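Q: I'd like to ask you about the structure that follows.
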Amino acid sequence: MAFERVLIAGHGSIGKRHLRIVRDDLPDADIRVLRHQPAATTPDLADGCFSGLADALAFLPQIAILATPAPYHLDAALALADQGCHLLIEKPLAHTSTGVQPLLALARRRGIALQVGYNLRFLPSLARFRELIQAGAIGRVLSVRCEIGQYLPSWRPDTDYRKAVSANASLGGGVLLELSHELDYLRWIFGEVAWVQAWLGRLSNLEIDVEDTAHLTLGFETDGAGAGPVAALSLDFLRRDTTRQCLAIGEGGSLRWNALAGSVEQLVAGSSEWEAVFVHRHQRDDSYIAQWHAFLDGVRNSGAPLVSGDDGLAVLRIIDAARASAAAQGLRMAPASE
């Protein structure tokens, strides 16, 4: 199947990345960019630019990548899906689970591919971590420790962090939405989440109107062989020593994944030494390229996407539950003198 018309909605850092990858892969395609602000010139690598959704719809794209802030996803996705356009929607699928089901139902009726951009699933190191867990390398998993932290002003050094999506509630910012990769891959590896407890807040002096820190406890559904694992997940915009890692503790040992190193290490029961069992150093674009190729393969072969719209909705439901849990925080401890 030849793809002649591609639309990329959004021209921020992630939109530019998608544009570069699509242009490299489809050099002869007519690629247009949709921006909410009128552009004086067409962006590099694009063949044209729209400032309104109506003009973008008239272009009749066969494929669209939605890389705008999350609150803008649903309106554009519904209109494009109704025209039969296949959709790769950047994470998160939306800023709340409300209104997502009609989009998924429309995509099914129209027979279009809808993939959510949780690109970490395409990292070989994370895939290997999952394979080892599911193969029983450490036995039944009992507990999980997962964390992601990076100092927000350092995240995109060429932009003012205060104006970026991450810092603004109206654009779908905050650690829960912006760092929701962790929620996606924890589901992917350990199964469906049965319950959530959460604390959310702003601990720093960063000039933002969203949470900069979240601490979640997630209980996973049992597989019938005992209680499901419990995960402690920490997300923050504060950490100067950037980290992204996950540790699984099982009955037969432990397994840990380090995203930055591209490594998986194992400690078997009875040993005091960690052993590297997999290392794959990836370049920044690698997982996005693999994600794009998987999306195209799904469109061409009518295959199920690795990250479906239902997966995107499941993440949003966890986020909604975390917000509800945080809003109903427990009793404060009494002073020690009482």
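Q: Name the residues in region 179-196 that are crowded, with 21+ Cβ neighbours inside 10 Å and either free of Cβ contacts under 8 Å to residues at least 40 places away in the same chain or part of a strand (DSSP E or B) (or both), would you?
A: Within region 179-196, V193, V196 meet the criteria.
Q: Assuming P69 fulfils every condition listed in (1) under 15 Å from G10 (Cα atoms); (2) exposed (fewer than 15 other Cβ atoms within 10 Å of the Cβ) apart from one, which condition is it?
A: Just one mismatch for P69, condition (2).
Q: Something else: Kindly evaluate G173 against the criterion of being at pLDDT 95 or above and either part of a helix (DSSP H, G or I) or surrounded by fewer than 20 Cβ atoms within 10 Å (Cβ to Cβ) (or both).
A: Numbers: at pLDDT 95 or above: yes; either part of a helix (DSSP H, G or I) or surrounded by fewer than 20 Cβ atoms within 10 Å (Cβ to Cβ) (or both): no.
It is false that G173 is at pLDDT 95 or above and either part of a helix (DSSP H, G or I) or surrounded by fewer than 20 Cβ atoms within 10 Å (Cβ to Cβ) (or both).
Q: For region 207-266, name all the residues that are polar (S, T, N, Q) and either modelled with pLDDT of 95 or more or surrounded by 19 or more Cβ atoms within 10 Å (Cβ to Cβ) (or both).
A: In the first step, residues of region 207-266 are kept if they are polar (S, T, N, Q); the result is 213, 217, 222, 234, 242-243, 245, 254, 258, 263, 266.
Residues satisfying the conditions are T213, T217, S234, T242, T243, Q245, S254, N258, S263, Q266.
Q: Sticking with this structure for a sec: Yes or no: D55 surrounded by fewer than 15 Cβ atoms within 10 Å (Cβ to Cβ), in contact (Cβ under 8 Å) with a residue 60 or more places away in the chain and over 30 Å from R323 (Cβ atoms)?
A: Details: surrounded by fewer than 15 Cβ atoms within 10 Å (Cβ to Cβ): yes; in contact (Cβ under 8 Å) with a residue 60 or more places away in the chain: no; over 30 Å from R323 (Cβ atoms): yes.
When the stated conditions are applied, D55 does not pass them.
Q: Moving on to the next point. Looking at A76, A94 in this structure, which one is assigned to a loop (DSSP other than H, G, I, E, B) and either more than 19 Å from the chain's Cα centre (by Cα) or under 30 Å from E207 (Cβ atoms) (or both)? Explain how you work it out, then say what you get.
A: Details: A76 fails: assigned to a loop (DSSP other than H, G, I, E, B).
So the residue among A76, A94 that is assigned to a loop (DSSP other than H, G, I, E, B) and either more than 19 Å from the chain's Cα centre (by Cα) or under 30 Å from E207 (Cβ atoms) (or both) is A94.
Q: Name every residue in region 79-91 that is among the small types (G, A, S) and outside any helix (DSSP H, G or I), in order of residue number. Can you show your working first?
A: Narrowing region 79-91 to residues among the small types (G, A, S): 79, 81, 84.
Listed by number, the list holds a single entry, G84.
Q: Do you know which residues across region 72-98 are more than 26 Å from A2 (Cα to Cα), surrounded by 15 or more Cβ atoms within 10 Å (Cβ to Cβ) and among the β-branched types (V, I, T)?
A: The one that is more than 26 Å from A2 (Cα to Cα), surrounded by 15 or more Cβ atoms within 10 Å (Cβ to Cβ) and among the β-branched types (V, I, T): T96.
The values are calculated or read from the model by the stated rules, or taken from the named source; none is laboratory data. Worth saying up front: this structure is predicted, and the values here are computed from it rather than measured. Here the Cβ is made from the backbone with ideal geometry for all residues, glycine too, and neighbour counts use every protein chain on show.
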